[in-house]
Amino acid sequence: MADSSGPARYRLGVDVGGTHTDLVLNDMASGALRIEKLPSSPENPALAVLEGLKRLLGTGVKPDEIAFFAHGTTVTTNALLEGKGSKIGLLINQDFRAICEVQTQARDEGNPFDHLFQRPAHLAPPELTREIPGRMDYLGNEIQRLDRDAIATAIQSLVAEDIHSFTICYLFSYMNDAHERETANIIRDIAPGAFVSMSSEVLPRIREWPRFSTTLINAYLVPVLAKYIADLAAGLDDEKVMTRRRFLMQSNGGVMPLSANAEAQTVHTLLSGPAAGVQGTAYLLGIEQGWKNIVTMDMGGTSCDIAFVENGAPLEHAEAIVAGRIVAVPALDVSTISAGGGSIARVNAGGLLEVGPDSAGAAPGPACYGKGGNLPTVTDADVVAGILNPDFFLGGKMPLDMKAATQAVQDHVATPMNIELSDAAAGITRVINARMADEIRVQAAKKGVDLSGFTLVPFGGAGPVHAVAVAEDLGIPRVLVPASPGAFSALGLLCADVVHDYIRSDLQDLDGIDSDHVESAFTTLEERAAKELQEEDLGDEDKHFLREVDLRYAGQGYELRVPIEGIPTPLDTAGFAALAERFHERHEAVHGHAARGALIEVVSYRLRAVVPMPKIEMLSSIDQETTRSGQPSDNRAFRDARGNSIEAAVWRREDLPAEGDIEGPIIVEQLDATTVVPGGWSVRLDDAGNMELFREDMA
């Protein structure tokens with residue numbers, strides 16, 4: 001891809017949500033931001049991205065001035081959740097197809113006693129699975145030759161079934177990938193242009209089902225992502241945005257080039273959308289502004305994503321369950337619930353009020369959007385309650401239909417429950433607030449997080465509306481609303497480095513392992529990383545490698561990631577001892593005990609390759625505003641979640657005084673969000689332009 005010939009002036013971050021698509025253009029010289037927000041296009045998410053780009057270019061921005069493009073998307077997430085991935089075929093060792101039936105033998109962790117539990121449907125059902133003669137043993141030695149004729153016959157039969165994406169999952173391929181690579185070559189000879197996902201490339205680690213499941217998901221989604229990237233790249237080319245710096249957000253909080261090997265890395269984008277906001281929080285509020293312990297509440301149109309930043313670093317996990325399926329790749333530890341502005345409210349058969357899990361999405365959207373929706377949503381309740389200003393939604397660019405919102409809440413909630421309209425709206429708000437508070441409480445307990453020392457950071461278009469009510473429920477006395485909360489995830493894309501994760505399993509006892517063997521394992525991963533970065537046109541960039549090992553006590557069925565950073569390598573006797581002690585300390589922190597006399601096993605070697613990218617240099621809103629009136633623009637009454645009528649001053653955010661506290665109740669309006677500050681709470685602007693909401697009697 002050719003470099004732009006013009007001056008490098010702008011960096012562009014784009015976040016595609018279920019309801020809105022946000023674009024943030026950062027002027028690298030001045031630090032100024034330009035925000036564009038428009039409805040998403042579910043039928044083809046690239047269309048909204050390109051429409052937003054056209055709007056920015058229409059303001060005088062030149063295509064060749066955009067030097068960096070980073071993009072977060074829910075394309076793969078939605079395809080998995082909605083079952084709209086590709087039809088795939090699976091090649092597996094002869095007599096081992098039952099792995100896909102047995103899996104881990106575990107039930108849904110949410111309710112292990114559910115006797116009606118059913119696993120999700122097979123991504124590669126038995127009729128599209130082929131067993132291939134050929135075996136490697138657990139050391140990677142060939143004990144049965146690969147049957148090339150059987151492979152050819154299998155591929156031909158799958159091609160006849162209209163299969164264009166193949167999955168290769170052989171036993172112990174993480175020790176020796178020769179059979180998987182030979183199979184892939186045969187596939188490419190017989191079906192040129194087909195997608196091939198090899199377990200030895202997608203996830204070369206122990207435990208058959210997590211490895212197979214992750215590879216199957218990769219194969220299921222790679223055609224979806226490949227088409228989307230092609231459509232997006234073609235649109236960028238048409239608009240003459242020729243920068244070679246085009247990136248896609250990954251689940252681990254880093255970005256990867258759009259040109260990356262999708263056949264091996266598609267599964268790493270599964271949590272792309274939620275990761276951007278968490279990364280933005282960790283960098284902009286943690287590293288840059290010193291807020292170390294944060295719980296994020298990203299409430300958009302369709303869902304609410306919750307994550308924790310502890311001691312300045314976002315929590316991660318190495319394995320997650322998405323849509324009931326195991327995804328065993330490193331990812332920021334984000335919990336998602338169906339609690340967004342578009343979540344639909346209804347009265348169930350028992351006469352009780354429910355909100356969600358289904359959402360009105362972008363089309364038709366909430367009733368107040370005036371696009372044909374007639375079901376009440378959280379946003380409709382906020383309009384009816386007087387919290388949202390129908391004439392100032394998206395800064396007045398998208399007027400809301402108060403009559404339609406009122407009719408929806410009245411017909412579907414107030415009338416069936418025989419209650420007042422205002423009580424119906426308050427009830428919807430109270431239910432959704434309780435769901436978000438409960439999820440934060442549960443996730444904090446699972447992770448051992450003490451919320452008393454944390455700050456709640458809401459973002460997404462709906463987050464600041466509901467944040468204080470959620471914080472009060474949790475006993476959190478401080479809420480921090482970023483300068484541009486509605487577009488904060490897009491900002492997060494301008495705070496990310498290129499990050500690639502690699503893993504290779506190789507079980508050995510720690511006290512019997514050779515230092516050269518450890519060094520060789522990491523060197524092999526580093527060589528692979530360097531090769532891929534070179535292929536992505538990043539080979540000449542500054543980069544660094546972070547080494548980790550997965551360790552466990554002998555006999556355990558799980559392991560812990562332990563960083564080697566700070567221990568001199570190659571490891572000597574003292575180095576191995578330091579690594580063992582680091583594992584004991586980690587085990588004690590996670591599980592409450594350590595067994596320092598027990599044998600320790602090395603399970604896997606991990607490598608994280610990081611290519612630092614320039615970060616956003618953002619002026620605070622205080623710096624950008626030349627005049628602040630220091631006065632509210634209006635007053636209006638609104639109903640809180642308890643149904644109380646409250647008279648509040650209405651402020652435009654740009655008019656808040658740069659110094660001093662303002663006591664609630666007030667409502668703060670801005671282009672991309674509305675913030676509610678109830679009575680008993682106060683608000684001030686910090687030096688970075690964040691709104692700090694606090695309640696002293698809770699501290």
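Does D391 meet the test of being assigned to a helix (DSSP H, G or I) and of a type in the set (D, E, K, R)? Answer is no for this residue.
Considering the range 655-674, and only residues there that are modelled with pLDDT of 90 or more and within 21 Å of A490 (Cα to Cα), the residue that is nearest to the chain's Cα centre (by Cα) turns out to be A673.
Is the range 86-104 home to any residue that is surrounded by fewer than 16 Cβ atoms within 10 Å (Cβ to Cβ), modelled with pLDDT under 95 and within 27 Å of A275 (Cβ to Cβ)? Yes, the range 86-104 contains at least one residue that is surrounded by fewer than 16 Cβ atoms within 10 Å (Cβ to Cβ), modelled with pLDDT under 95 and within 27 Å of A275 (Cβ to Cβ). Report yes if some residue within the range 30-38 is touching a helix residue (DSSP H, G or I) at 6+ places or on another chain (Cβ under 7 Å), of a type in the set (A, V, I, L, M, F, W, C), within 30 Å of M299 (Cα to Cα) and free of Cβ contacts under 8 Å to residues at least 24 places away in the same chain; otherwise report no. Scanning the range 30-38 turns up at least one residue that is touching a helix residue (DSSP H, G or I) at 6+ places or on another chain (Cβ under 7 Å), of a type in the set (A, V, I, L, M, F, W, C), within 30 Å of M299 (Cα to Cα) and free of Cβ contacts under 8 Å to residues at least 24 places away in the same chain.
V75 - would you say it is in contact with a strand residue (DSSP E or B) (Cβ under 9 Å, 6 or more places away or on another chain), modelled with pLDDT under 90, of a type in the set (A, V, I, L, M, F, W, C) and over 30 Å from T153 (Cα atoms)? It would help to see each step written out before you state the result.
Values: in contact with a strand residue (DSSP E or B) (Cβ under 9 Å, 6 or more places away or on another chain): yes; modelled with pLDDT under 90: yes; of a type in the set (A, V, I, L, M, F, W, C): yes; over 30 Å from T153 (Cα atoms): yes.
It is true that V75 is in contact with a strand residue (DSSP E or B) (Cβ under 9 Å, 6 or more places away or on another chain), modelled with pLDDT under 90, of a type in the set (A, V, I, L, M, F, W, C) and over 30 Å from T153 (Cα atoms).
Among the numbered criteria (1) surrounded by fewer than 16 Cβ atoms within 10 Å (Cβ to Cβ); (2) within 18 Å of R639 (Cα to Cα); (3) of a type in the set (S, T, Y), which one does T415 miss? So T415 meets the others, but not (2).
Scanning the range 252-292 for residues that are on the phi > 0 side of the Ramachandran plot and crowded, with 24+ Cβ neighbours inside 10 Å turns up just one, G253. So is T281 touching a helix residue (DSSP H, G or I) at 6+ places or on another chain (Cβ under 9 Å) and either more than 25 Å from D22 (Cα to Cα) or polar (S, T, N, Q) (or both) or not? Yes. Any residue at all in the range 1-22 that is surrounded by 17 or more Cβ atoms within 10 Å (Cβ to Cβ) and touching a Lys or Arg at 6+ places or on another chain (Cβ under 6 Å)? Among the residues of the range 1-22, at least one is surrounded by 17 or more Cβ atoms within 10 Å (Cβ to Cβ) and touching a Lys or Arg at 6+ places or on another chain (Cβ under 6 Å), which makes the answer yes. Scanning the range 372-392 for residues that are closer than 18 Å to T674 by Cβ, buried (at least 21 other Cβ atoms within 10 Å of the Cβ) and of a type outside the set (S, T, Y) yields V378, D380, A381, D382, V383, V384, A385, I387, L388. Applying the condition of being under 21 Å from G461 (Cα atoms) and of a type in the set (K, R) to the range 637-672 and asking which residue is surrounded by the most Cβ atoms within 10 Å (Cβ to Cβ) yields R653. Which residue, of F576, F488, is among the hydrophobic types (A, V, I, L, M, F, W, C), assigned to a helix (DSSP H, G or I) and buried (at least 20 other Cβ atoms within 10 Å of the Cβ)? One residue alone meets the criteria, F488.
Filter the range 615-653 down to the residues that are under 22 Å from E288 (Cβ atoms) and either out of contact with any Cys (no Cβ under 7 Å at 6 or more places or on another chain) or modelled with pLDDT of 90 or more (or both) and list them by number. If you could, list the steps in order and put the result at the bottom.
Step one: of the range 615-653, the residues under 22 Å from E288 (Cβ atoms) are 615-625, 653.
Scanning the range 615-653 gives E617, M618, L619, S620, S621, I622, D623, Q624, E625, R653.
Here's a check for you: in the range 301-323, which residue that is in a loop (DSSP other than H, G, I, E, B) and within 18 Å of E439 (Cβ to Cβ) is modelled with the highest pLDDT? The extreme case among them is L315. Restricting attention to the range 503-529, the residues that are farther than 16 Å from P563 by Cβ and β-branched (V, I, T) total 3.
Quick one: in the range 686-698, which of the residues that are part of a strand (DSSP E or B) and surrounded by fewer than 23 Cβ atoms within 10 Å (Cβ to Cβ) is nearest to the chain's Cα centre (by Cα)?
E692
Looking at the structure I just gave you, is G286 outside any loop (DSSP other than H, G, I, E, B), touching a Lys or Arg at 6+ places or on another chain (Cβ under 9 Å) and in contact (Cβ under 8 Å) with a residue 12 or more places away in the chain? Spelling it out, G286 is indeed outside any loop (DSSP other than H, G, I, E, B), touching a Lys or Arg at 6+ places or on another chain (Cβ under 9 Å) and in contact (Cβ under 8 Å) with a residue 12 or more places away in the chain. One residue stands out among those in the range 493-551 that are hydroxyl-bearing (S, T, Y), touching a Lys or Arg at 6+ places or on another chain (Cβ under 9 Å) and more than 20 Å from A275 (Cβ to Cβ): the one that is surrounded by the fewest Cβ atoms within 10 Å (Cβ to Cβ), which is T524. Just one of (1) touching a Lys or Arg at 6+ places or on another chain (Cβ under 7 Å); (2) surrounded by 14 or more Cβ atoms within 10 Å (Cβ to Cβ); (3) of a type outside the set (D, E, K, R) fails for A594. It is (1). Within the range 310-330, the set of residues being in contact with a strand residue (DSSP E or B) (Cβ under 6 Å, 6 or more places away or on another chain), surrounded by 20 or more Cβ atoms within 10 Å (Cβ to Cβ) and either closer than 21 Å to V75 by Cβ or without any contact (Cβ under 8 Å) to a residue 60 or more places away in the chain (or both) comprises V327, P330.
Test G254 against the criterion of being over 17 Å from I88 (Cα atoms), within 20 Å of the chain's Cα centre (by Cα), without any contact (Cβ under 8 Å) to a residue 40 or more places away in the chain and not assigned by TED's automatic domain parsing to the domain that holds P125, and give yes or no.
On the way: over 17 Å from I88 (Cα atoms): yes; within 20 Å of the chain's Cα centre (by Cα): yes; without any contact (Cβ under 8 Å) to a residue 40 or more places away in the chain: no; not assigned by TED's automatic domain parsing to the domain that holds P125: yes.
The answer is no for G254.
Can you find a residue that is out of contact with any Cys (no Cβ under 6 Å at 6 or more places or on another chain), farther than 17 Å from L315 by Cβ and in a strand (DSSP E or B) anywhere in the range 437-458? So far as the range 437-458 goes, yes, one or more of its residues are out of contact with any Cys (no Cβ under 6 Å at 6 or more places or on another chain), farther than 17 Å from L315 by Cβ and in a strand (DSSP E or B).
When you go through A529, A521 one by one, which is the residue that is in a helix (DSSP H, G or I), over 26 Å from the mean Cα position of the chain (by Cα) and of a type in the set (G, A, S)? Working first, answer last.
Numbers: A529 fails: over 26 Å from the mean Cα position of the chain (by Cα).
Every option except A521 fails the conditions.
The values are calculated or read from the model by the stated rules, or taken from the named source; none is laboratory data. Small disclaimer: the values here were computed from a predicted structure and weren't measured. Note that each Cβ is placed from the backbone with ideal geometry, even for glycine, and that neighbours are counted across all protein chains shown.
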